[in-house]
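Readers should treat all values here as calculations from the given coordinates under stated rules, not as data from a laboratory. The structure displayed is predicted, hence computed values, not measured ones. When we count neighbours, we look across all protein chains shown, and the Cβ atoms used for this are built from the backbone with ideal geometry, even at glycine.
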Amino acid sequence: MSRVALVTGGTRGIGAAISVALKDVGYSVAANYAGNDEKAQAFREETGIPVFKWDVSSYGACVEGIAKVEAELGPVEVLVNNAGITRDAMFHKITPEQWNEVINTNLNGVFNMTHPIWSGMRDRNFGRVITISSINGQKGQMGQANYSAAKAGDLGFTKALAQEGAAKGITVNAVCPGYIGTEMVRAIPEKVLNERIIPQIPVGRLGEPEEVARIVVFLASDDAGFITGSTISANGGQFFV
């Protein structure tokens, strides 16, 4: 029986690529999404991957959603915390709502998803928790104090939880993508991409969602059992830790 993988924000962009890549190597994949029913259903029809709708910023919704996934597919053994939002603003203009929305989804959402699954992973002496952070959680980004704080918090969470899971066969790792050619990034005006963004990337191009997905597939595998508490950067050389 194939292992069950749950990907939050798993029907679009990087999350969709991760969902497909995990399915392609034999996982039973569940893709969570928060709002766009049309896109989610189109993803389900195209890939055959079941989709489940809930908001990761709500602990209760996560408990209920995970229960539905496990009732349909079995215990979640691989969790990919990918769901994330932006509410960009310069700090002197940011509102408490913009701050809280991003923290609640991008940081609290990682707790809300991991906590209900953790005890089962401990009981089974196996688990993979992989969180998609960001280059901006590593280096910070003007106009993204909320986003950078949340994504940096994800890295601290990863390092702490890795120490708790290690003796129970659970690895906890993070991936920090740079500029990836998702629908959102490619919507940036071409002039801005070519003159302001891509020149900052030493390899001279945007990353592809599938390149991030391949990292996740490896971290989820048995071959990665000695890797935990790690942060893998995928940014084309834009920032080194």
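So how far apart, in nm, are the two label points at residue 63 and residue 88 if each is 7 Å from Cα heading toward Cβ?
Roughly 3.7 nm, to one decimal.
Under 28 Å Cα to Cα from residue 93, which lysines show up? Leave out anything in the same chain fewer than 8 places away.
By straight Cα distance, residue 93 reaches 139, 151, 191.
Treating cross-link reach as a plain straight distance, find the lysines whose alpha-carbon is under 17 Å from the alpha-carbon of residue 68, omitting any fewer than eight places away in the same chain.
Residue 68 reaches 53.
I'd like the distance between the alpha-carbon centres of segment 53-101 and segment 126-168, rounded to an integer number of Å.
14 Å
Could you work out how far apart the two model spin labels at residue 221 and residue 53 are, taking each label as a point 7 Å from the Cα in the direction of the beta carbon, and quote it in nm?
Going from the residue 221 label point to the residue 53 one covers 3.6 nm.
Looking at the chain from every direction and averaging, what is the projected area of its Cα convex hull in nm²?
12.9 nm²
Let a ≥ b ≥ c be the square roots of the eigenvalues of the Cα gyration tensor of segment 116-241; is it rounded (a/c under 1.5), or, if not, prolate (a/b larger than b/c) or oblate?
It comes out prolate by the Cα gyration axes.
What is the local net charge at residue 86, summed over the other residues whose Cβ is closer than 12 Å to its Cβ (Lys, Arg +1; Asp, Glu -1)? Write down the numbers at each step before the final one.
On the way: positive: 87, 151; negative: 88, 101.
Result for the neighbourhood of residue 86: 0.
So what is the diffusion coefficient of segment 141-192 in µm² per second by Stokes-Einstein at 25 °C and 0.890 mPa s, using a Kirkwood Rh over Cα pairs?
Working: Rh = 13.6 Å.
Here the translational diffusion coefficient equals 181 µm²/s.
Do me a favour and compute the ellipsoid semi-axes for segment 1-98 from its Cα gyration tensor, root of five times each eigenvalue, largest one first, whole Å.
On the way: eigenvalues 141, 46, 28 Å².
Semi-axes, largest first: 27, 15, 12 Å.
May I ask you to order 42-52, 5-15, 197-207 by the average number of other C-beta atoms within 10 Å around their residues, highest value first? Display every interim value, and only then the final one.
Numbers: 42-52: 16.0, 5-15: 27.1, 197-207: 13.9.
Packing order, densest peptide first, comes out as 5-15, 42-52, 197-207.
How large is the helix-only mean residue ellipticity at 222 nm for the chain, computed as the sum of -39500 (n - 2.57) over DSSP H runs with n ≥ 4, divided by its residue count, in deg cm²/dmol to the nearest 500?
Rounded to the nearest 500, the figure is -14000 deg cm²/dmol.
Which net charge results when you count Lys and Arg as +1 and Asp and Glu as -1 among the other residues whose beta-carbon is under 11 Å from that of residue 25?
Once positives and negatives cancel, what remains is +2.
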